[in-house]
Amino acid sequence: MKDCKVNILGTEYNVFFRNEKDDERLDGKYRDGYTDNSTHEIIICNKKDDCELEDYEGWKKSILRHELIHAFLFESGLDSSSVSTCGAWAVNEEMVDWFAIQSPKICKVFNELDLL
Ligand SMILES: [Zn+2]
């Protein structure tokens, strides 16, 4: 995977793949990616020196799906006005992970049923 641009509901986002040490918001922050809605940038961390995952390319795709869901929710106006008892649902990491993990399966079913 390499740097690219993606259209999120009419807004162009730049996707960058960076080494942990080259980005202060990655370096030592225990995260593999983040979305900066103010600059419309999605940053995905390249494999860290101490990472033991065998399929890091697959892992990077799941991170990117996660960050894309954050961007879709932000561009939908759902980022900060979704308060529930456990905080705003649209910035809840578990909910975002659910979308990021399940969306390929959902899209597969939609394709099988010719719903797209
Ligand atoms: Zn997140």
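Does Asp27 count as of a type in the set (D, E, K, R), modelled with pLDDT under 95 and away from the ligand (no atom under 16 Å from the Cβ)? Let's see the steps before the verdict.
Numbers: of a type in the set (D, E, K, R): yes; modelled with pLDDT under 95: yes; away from the ligand (no atom under 16 Å from the Cβ): yes.
Against the criterion (of a type in the set (D, E, K, R), modelled with pLDDT under 95 and away from the ligand (no atom under 16 Å from the Cβ)), Asp27 qualifies.
Kindly state which strands (runs of 3 or more DSSP E) lie completely within region 2-110 and contain at least 1 residues that are touching a residue at least 60 places away in the same chain (Cβ under 8 Å).
Working: elements: 4-8, 11-18, 33-36, 41-45.
Of the strands (runs of 3 or more DSSP E) lying wholly inside region 2-110, those with at least 1 residues that are touching a residue at least 60 places away in the same chain (Cβ under 8 Å) span 4-8, 11-18.
Go through Gly33, Gly58 for me and flag whichever is modelled with pLDDT of 95 or more and within 14 Å of the chain's Cα centre (by Cα). Step through it out loud before you land on a result.
Details: Gly58 fails: modelled with pLDDT of 95 or more.
Answer to the check: Gly33.
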- Task: For residues that are under 15 Å from Leu64 (Cα atoms) and aliphatic (A, V, I, L, M), scanning just region 96-116, find the one that is modelled with the lowest pLDDT.
- Result: Ile101
- Query: Counting only residues that are open to solvent by 30 Å² or more (accessible area, probe 1.4 Å), of a type in the set (Asp, Glu) and within 17 Å of Cys4 (Cα to Cα), how many does region 24-79 have?
  - Reply: 2
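The values are calculated or read from the model by the stated rules, or taken from the named source; none is laboratory data. Model, not experiment: these values are computed from the prediction. Every residue, glycine among them, receives a Cβ derived from its backbone with ideal geometry; neighbour counts consider all protein chains shown. In case anyone asks, the SASA skips ligands and DNA or RNA and just uses the protein heavy atoms, side chains included. Shrake-Rupley method; radii C 1.70, N 1.55, O 1.52, S 1.80 Å.
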